[in-house]
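Everything on this sheet refers to the single structure shown next.
The values are calculated or read from the model by the stated rules, or taken from the named source; none is laboratory data. Note that the structure is a prediction, hence the values are computed from the model and not measured. Quick reminder, even Gly has a Cβ in these numbers, built from the backbone with ideal geometry, and neighbours come from all protein chains shown. Each accessible area value is taken on the protein alone, full model and side chains, heavy atoms only, with ligands, DNA and RNA left out. Shrake-Rupley method; radii C 1.70, N 1.55, O 1.52, S 1.80 Å.
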Amino acid sequence: MYKDLREFIDLVDKLGALRRIEGADPRFEIGGITEVAAGLPDCPALLFDNIKGYKPGFRVFTNATTNVQRAALALGLDPALRPLDALKAWMEKRKTLRPLPPTPVGRAAFLENTVAGSAVDVARFPAPIWHRQDGGPFIGSGSLVIMRDPDEGWINASIYRVQVHGPDKVTVQFDHGGRHGALIADKYWRRGESCPVAVVHGEDPALFISGFEYLPDGKSEYEFAGAIKGAPIEVCDGPETGLPLPASAEIVFEGRLLPMAEVTLPEGPFGEFTGYYAAAARPGPVMEVTAIHHRDDPILLGSPPMKPPRFHFGLPFRAATIWGNLEAAGVTDVVGAWQHVSQLMTVVALRQRYDGHAKRAALVAAAHSYMARIVVVVDEDIDPSNLADVMWAVTTRCEPAEGIDIIRNAWSSALDPRIPPDEKERGVTSHSKALINACRPFGWIDKFPPPSALSADEAREIEEKWGSAIRPPR
């Protein structure tokens, strides 16, 4: 398995899925090219070099894991697996993961180059302005923020966005006060202290995945990443903060997060994964960068939110959780679950055993579908990961007057663009969900017209025999 981001990029290149881009402008162009490429059928990963205004070799890597193939590769799974098979493989692997504590090492690749004090200048790195109405350049769209709990000593390494404000000033946005990073910072601030912090740009994909996975308090993202890779993550103490930092990281900022009672800077706005802006600029906590370390020819890992269906990870982890929720609730014969439109639409496929089976599955799935306005249940012959297949079922098996139910006051978020501003100001973050039963009517399922199309097994057999002849050559 890959050792670091560079080895992952090499593996992506060997799959024929990497495109090299020369001369792009970090102001809008890198973000625009990333979004257009993410919408293409092959959704290539991009490595930008010779970036306008920056030294050659200072690179940006985007669309790292935006499709199923590269998401599987990052998880240590077979990149040739079909989407639903890859999700099943991850669910099985997830059950057997055993945390692996990180291994301390005496020397790190990120220490090849170091500047500190007055020599610090974060503008040396090509931080893109990803979207046209963003509040400025965001160097951290896929970066790990490393902090240590002052009471219990555990390390939090989560993905938070990081905006550039000056040569030695960035803001770190924690989303809300309940995130682990915000809770840790607050503990220091309540003591009248600044919070030691490091920001890691260009971590390997296993750490990237661990950084956006929601882990319980006290559980280490380093241990989870080690479990994914089947080998401990090597860490080296930061010279400034003493925090354990990934030894193979490309770029590291060290410094301190200043108490918000003393100083803030306007953070945002920033385009969200819904494809909209959720808020204007707001006061954000300021990190004073006291040292910068980087490898020769460093690579910034960029993972900006984009208009759906583009998403930062090609496998819907929340769909895997929903699948587990269904099984835990006793809903039998679920053969698949998926989410489309950046997790804003949930689909469950099952083999109907009794009248009301599909409705029961829809209700359980809806209860666990964060922000998803649409929940669809289909029969076992429908591939839930194939939106065209799902919509065929919706348009031929769902009678709207009978098969659609509305659930009100359901789980959403302040990021939801459809909730009116005055409602958000009152703390309202709920919406309604449409439950669509796109299964054959159970009461006369045996009389429903048989499909003329190939079954999934038949189609797979054809592809295995004739796929090389009908697919375009690489």
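Solvent-accessible surface of the range 284-407, taken per residue with a 1.4 Å probe and all protein chains present: 36 Å². Rounded to the nearest 20 debye, the dipole magnitude of the chain is 460 debye, with +1 charges on Lys and Arg beta carbons, -1 on Asp and Glu beta carbons, and the Cα centre as origin.
Extending 7 Å from Cα along the Cβ direction at HIS176 and again at ALA231 yields two label points whose distance is 3.9 nm.
Net charge dipole, the range 306-429: roughly 400 debye, given to the nearest 20, about the Cα centre with Cβ charges of +1 for Lys and Arg and -1 for Asp and Glu. The P(r) of the range 381-437 has a tail past 20 Å containing 47 percent of all C-alpha pairs.
Under 17 Å from a label point set 7 Å out along the Cα-to-Cβ vector of GLU7, the amide N atoms of the range 230-248 belong to 230-236, 246-248. Equivalent-ellipsoid semi-axes for the range 244-300 (Cα gyration tensor, √(5λ), whole Å, largest first): 27, 19, 8. Averaging the Cα positions of each part gives two centres, and for the range 243-270 and the range 23-63 these lie 24 Å apart. Geometric descriptor of the chain, per residue, is 152 Å³ (volume of the convex hull of the Cα atoms). Across the options SER455, LEU415, GLY403, the greatest Cα extent toward the positive end of the charge dipole of the range 393-474 (unit charges at beta carbon of Lys, Arg, Asp, Glu) belongs to LEU415. The residue among PHE61, LEU315, VAL105 whose Cα reaches farthest toward the positive pole of the charge dipole of the chain, with charges on the beta-carbon of Lys, Arg, Asp and Glu, is LEU315. Carbon-plus-sulfur accessible fraction, the chain (probe radius 1.4 Å, protein heavy atoms only): 53%. Run the paramagnetic zone check for LEU387: 7 angstrom along Cα to Cβ, then residues of the range 63-93 with backbone nitrogen under 14 Å. Only 67-68 fall inside the zone, counting backbone N under 14 Å. Determine the per residue accessible area of the range 117-226 with all protein chains present and a 1.4 angstrom probe, expressed in square angstrom. In whole numbers, the range 117-226 has 34 Å² accessible per residue. At the listed q of 0.17 Å⁻¹, the Debye profile of the range 44-102, built from one uniform point per Cα, gives log10 I(q)/I(0) equal to -0.69.
Two numbers describe the Cα atoms of the range 346-458: Rg and Dmax, which are 16.0, 54 Å. Here the dipole of the range 195-319 is about 600 debye; that uses its Cα centre as origin and unit charges on the Cβ of Lys and Arg (positive) and Asp and Glu (negative). For the pair the range 377-416 / the range 434-462, the C-alpha centres are spaced 15 Å from each other. Partners of LYS433 within straight-line reach, counting lysines whose Cα lies under 17 Å from its Cα and excluding those fewer than 8 residues away in the same chain: LYS359.
Farthest toward the positive end of the dipole of the range 153-208, out of THR171, PHE208, ALA185, is the Cα of ALA185, where the dipole comes from beta carbon charges about the Cα centre.
When the Cα gyration tensor is reduced to axis lengths a ≥ b ≥ c, the ratio a/c stays below 1.5 for the range 153-304, which is therefore classed as rounded. Extents of the range 64-197, taken as max minus min of Cα coordinates on every principal axis and listed largest first, are 50, 41, 35 Å. Here the spin labels are modelled as points 7 Å beyond Cα on the Cα-Cβ line, and at THR96 and ALA280 they lie 5.4 nm apart.
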